[in-house]
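Here the structure comes first, spelled out in structure tokens, and everything after it is commentary.
Taken together, the values in this text are just the output of simple stated rules run on the coordinates, not laboratory data. On a predicted model such as this, the values are computed, not experimentally measured, just so you know. Please note: Cβ atoms are built from the backbone with ideal geometry, for glycine as well, and neighbour counts cover all protein chains shown.
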Amino acid sequence: MISTRRHLEFAAGYIELGLFAEAADELEMIKGGDRLKPEVMMVRAELYMALKQWDLLLAMAQAVARQRPEEPKGWIYAAYALRELDRVQDARAMLLAAEPEHGAGCAVLHYNLACYECLLGDFPEAKRRLSAACSMDADWKAAALDDPDLKPMWEQIAAM
């Protein structure tokens, strides 16, 4: 009998390889109550992210955020799903709710907020958020210069 941990390792590996059916099969082999463990739901969320199944991703990521609010990925994935569902205001609200716990050390939270603020037309706040992300991890500037969500600010970002 294969342990839940091993099924998760296999599923995560399959996701990285783009073998999504195999990843889903591994996740289906997890038994009973283990399916509701946050670590299992997080791998399932990663599969839904890869498959661009935004409604399923949203439900799974929200469940993770409720069960493990200290885990930033649940919040980030839920907000991303909301953005993909054209619910940018809700995505912004999700990350603002996560900010008190994760804002000090989570560059992707600030980066995604920069995207959402830009999409909502608040360019000064988008710039502030992007600056915060870049101060934590300078690689976000290069990502921003290729991100269509931030396109109205590309010239300004290049000058940062």
How would region 105-160 be classified by its alpha-carbon gyration tensor: rounded, prolate or oblate, with rounded meaning a/c under 1.5 and the a/b versus b/c comparison settling the rest?
oblate
Taking the simple approach of a point 7 Å from Cα along Cα-to-Cβ for both Ser131 and Lys151, what is their distance in nm?
2.6
Just to verify a number: FRET efficiency for Leu51 and Asp139, C-beta to C-beta distance, R0 = 30 Å, to 0.05?
0.70
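Once you list every other residue whose beta carbon is under 15 Å from the beta carbon of Val88, what net charge do they have if Lys and Arg are +1 and Asp and Glu are -1?
So the surrounding residues net to -3.
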Radius 14 Å from Cβ of Trp140, net charge of other residues (Lys, Arg +1; Asp, Glu -1)
-1
Any idea what log10 I(q)/I(0) is at q = 0.11, 0.15 Å⁻¹ for the chain, Debye with uniform C-alpha scatterers and no solvent?
-0.48, -0.82
For n ≥ 4 DSSP H runs only, could you compute -39500 (n - 2.57) per run for the chain, divide by its residues and tell me the 222 nm figure to the nearest 500?
-22500 deg cm²/dmol
Going by the alpha-carbon gyration tensor, a ≥ b ≥ c the square roots of its eigenvalues, is region 1-62 rounded (a/c under 1.5) or, if a/c is not under 1.5, prolate (a/b greater than b/c) versus oblate?
oblate
Here the net charge surrounding Phe20, from other residues whose Cβ is less than 13 Å away from its Cβ (Lys, Arg +1; Asp, Glu -1), is -4
